[in-house]
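The values are calculated or read from the model by the stated rules, or taken from the named source; none is laboratory data. Not measured: the values here are computed from a predicted model. Reconstructed Cβ throughout: ideal geometry from the backbone, glycine too, with neighbour counts over all protein chains shown. Accessible surface areas use protein heavy atoms only, side chains included; no ligands, DNA or RNA. Shrake-Rupley method; radii C 1.70, N 1.55, O 1.52, S 1.80 Å.
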Amino acid sequence: MPVPALALPSIREICPLPPIRSRIYPVSPPTLGAPGPSHLGIRERSTHSLGAPPSPSPPRSSVPHPRRAFVFAARVGYTHRSHFKILTSQRGKIVDRATMPDSTSTPLAPRVRFAPSPTGFLHVGSARTFIFNWLFARHNHGTMILRLDDTDVERNTDVSVRSIFDGLHWLGLNWDEEYKQSDRLALHQQAAQDLFAKGLAYRDFTPAHSGDDNQSSAQGAWLFNPGMRELSREESDRRAASGESFALRYRVPRGLKSGVARILSFVDGVYGAQSKAADEVEDFALLRSDGMPTYHLASCADDAALNISHIIRGQDHLTNTYKHLLIFEGLGATAPHFAHLPLLVAPDGAKLSKRKHGPVVSVTTYRDSGFLPAAFINFLCLLGWSPKNDLEFMPLEQIAALFTLEGVNRANAVVNFTDADPFDPKAVWLNAEHIRSLPVEKLASEIAPFFAEAGYNATPEKIAAITPLIRERIKLLREAIGAADFFFLEELAPYDPAELIPPKGGDAAMARRVLSHALEVLPAVTFDHDSLDKALREAAATLGLKAGPMFQPIRVAVCGRKNAPPLFETMTVLGRDVCLNRIRQAIEKLESLG
RNA sequence: GGCGCUAUCGUCUAGGGGUUAGGACGUGAGAUUCUCAAUCUUAAAACCCGGGUUCGAUUCCCGGUAGCGCUACCA
């Protein structure tokens, strides 16, 4: 199926790409007299087996990032750089998030990223996150970045990567920069070393837990492995040097004992002011024992390196944000803005998941059933976001014009599918609306692949003729196959001859009279709407019938079913020969009724 | 268990100290029509519970409850 081009100007055209600035780690050479460049003990073996490309370590820059000029918050907890001002708060909600005018620097265009992990098909929740990021970038003339978060070698697959790109391409939304985390391992490991060198991370030689062991967390002993956190540097180095494997953990500040609790806080673009005591955050892993970075580390290191300005992601990351704040701080980087999106959940309330809900959550299911990308996007946007003006049906351009984080809701949204119907009725309705709003030629080209797939001999001319007849009758493009089958079939599918009998008191004899008379009249009629209209109404008058009883037998004879597009247009497309033929066949069928 | 987030018709949502609580999908009824569809009209349908604050809370505050998320060397 051809990828429908949405013909949107790329964000790049609107906002030329600024030169990519280099990483902004403070230059902090390892000073602890650690043994060599891999004083962390990241073993060669692991690096090799991972096939880490010899990507050059990122160029360093001592030039402060321009955005640092925006830093204004005090170092109480983590400081959230913000050029937003908070005027009032209602229900804890930030009411005014208008951009604060800044006299010293011009506001930078936002840089946002969508960072899927290629562990399955693209699912609707991810698609929505992508769309919201795209919309935000588009609305603010910023840059959209696609980054494959593929640090979990165990679970990543090429199939998944392809599937994600398929889905994204189908949506027709473009991005300006593209990265792959696995290409950036050097950066991540540099970040890990950085953190370790600063004493913000420690080696944990405890063997990895089996996943379902949450005994310790139930006891509240989950915060850290006491023995490991306090291990002396010498001891730690010695064990690492001896080849003992370890994970690297963040040394989260513990203040409860000393009575100086560190409060981590940030202002979420959707959920407003957030804060949490650092003592509630566990010593999370930065590096696995195979030397691979965890999601938290890789993601933050990359976000910092790529100068991401706004992280817009699922609400499932809301509490992870505190960890990320710690990492950004440890790296000496300014944290981006965060905005979390309410989750998409199934009717049973559970987060939409590939495992539990199957293909109904896959973007390709929507595509293959005949959703228009614009309709799909429209539907997804309405889940957790509102333009607040009673608008429902919206073209993409309008959504982009209207989209703001203020319009994002905070409660999870249910995608209302059932076992019988994988699609939310509203999605289907929106699709029908979008179908009807499409110019006929455009719709014809959208439908064509479905006809081809069904094996119909569909010429462009024929499709063009049929499209206007079915466009108000289909809600999904795929339905065109069933709605227009009789235009293509040589032989009509068998139907019950009783259907030829006119409704409301008609009988077989009446049906026979109608069809026979039609057979006499039709050869002399020009097959276009007006001529057929005139001829058949006259025929009805001749037989002393109303239009209904006259048209119905002909409709069934010609289409093979009771419900079909308007008669005259249909007959025009079918042509005289086919119509006469089918009417003759119908008369024969009638004989069987006696 | 701990921590966090959330709570308006069946679903998506608007609203907000005094409203007939608005819209949309879906559902029911009717109109129109050559059938179906589309279209139009119309009906039923909601502020989780309990306390405060207030002349007045669905709205603000607190508590409860419920749901969800995080609590992995997953992302």
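Identify the single condition in (1) within 16 Å of A:A298 (Cα to Cα); (2) crowded, with 20+ Cβ neighbours inside 10 Å that A:N156 does not satisfy, given that it satisfies every other one.
(2)
Step by step: first the residues of the stretch A:407-436, then only those that are without any contact (Cβ under 8 Å) to a residue 40 or more places away in the chain, within 11 Å of RNA strand B (Cβ to nearest atom) and not basic (K, R), then the one that is farthest from A:I470 (Cα to Cα). Which residue is that?
Looking at residues that are without any contact (Cβ under 8 Å) to a residue 40 or more places away in the chain, within 11 Å of RNA strand B (Cβ to nearest atom) and not basic (K, R), I get A:G407.
Is there any pair linking a residue in the stretch A:455-469 that is crowded, with 20+ Cβ neighbours inside 10 Å to one that is in a loop (DSSP other than H, G, I, E, B), with Cβ under 6 Å and at least six apart or on different chains, and which?
So the pair list comes out as A:I466/A:A484.
Which of the residues spanning the stretch A:279-292 are closer than 17 Å to A:A240 by Cα and either more than 8 Å from RNA strand B (Cβ to nearest atom) or open to solvent by less than 10 Å² (accessible area, probe 1.4 Å) (or both)?
Selection gives A:L286, A:L287, A:G291, A:M292.
Out of the residues in the stretch A:541-567 that are part of a helix (DSSP H, G or I) and either acidic (D, E) or surrounded by fewer than 19 Cβ atoms within 10 Å (Cβ to Cβ) (or both), which is farthest from RNA strand B (Cβ to nearest atom)?
Residue satisfying both the conditions and the ranking: A:T542.
Restricting attention to the stretch A:437-448, report how many residues are away from RNA strand B (no atom under 16 Å from the Cβ) and surrounded by 15 or more Cβ atoms within 10 Å (Cβ to Cβ).
Summing the residues that are away from RNA strand B (no atom under 16 Å from the Cβ) and surrounded by 15 or more Cβ atoms within 10 Å (Cβ to Cβ) in the stretch A:437-448 gives 4.
Output the number of the condition that A:F527 fails; it satisfies all remaining conditions of (1) over 25 Å from A:A484 (Cβ atoms); (2) not charged (D, E, K, R); (3) not in a helix (DSSP H, G or I).
(1)
Among the residues in the stretch A:356-376, are any assigned to a strand (DSSP E or B), more than 9 Å from RNA strand B (Cβ to nearest atom), under 19 Å from A:V408 (Cα atoms) and modelled with pLDDT of 95 or more?
Within the stretch A:356-376, not a single residue is assigned to a strand (DSSP E or B), more than 9 Å from RNA strand B (Cβ to nearest atom), under 19 Å from A:V408 (Cα atoms) and modelled with pLDDT of 95 or more.
Checking the condition assigned by TED's automatic domain parsing to the domain that holds A:S445 and open to solvent by less than 30 Å² (accessible area, probe 1.4 Å), which residue from A:L476, A:L536 passes?
Numbers: A:L536 fails: assigned by TED's automatic domain parsing to the domain that holds A:S445.
Among A:L476, A:L536, only A:L476 is assigned by TED's automatic domain parsing to the domain that holds A:S445 and open to solvent by less than 30 Å² (accessible area, probe 1.4 Å).
So which residues in the stretch A:115-128 are closer than 19 Å to A:A375 by Cβ, more than 10 Å from RNA strand B (Cβ to nearest atom) and open to solvent by 20 Å² or more (accessible area, probe 1.4 Å), if there are any at all?
A:H123, the sole residue that qualifies.
Test A:R367 against the stated conditions and say whether it is free of Cβ contacts under 8 Å to residues at least 24 places away in the same chain and open to solvent by 30 Å² or more (accessible area, probe 1.4 Å).
no
Being acidic (D, E) and more than 10 Å from RNA strand B (Cβ to nearest atom) is the filter here; which residues of the stretch A:311-353 pass it?
Scanning the stretch A:311-353 gives a single hit, A:E329.
Mind listing whichever residues of the stretch A:536-594 are acidic (D, E) and over 46 Å from the mean Cα position of the chain (by Cα)? Working first, answer last.
Of the stretch A:536-594, the ones acidic (D, E) are A:538, A:569, A:577, A:588, A:591.
A:E538, A:D577, A:E588, A:E591, listed by residue number.
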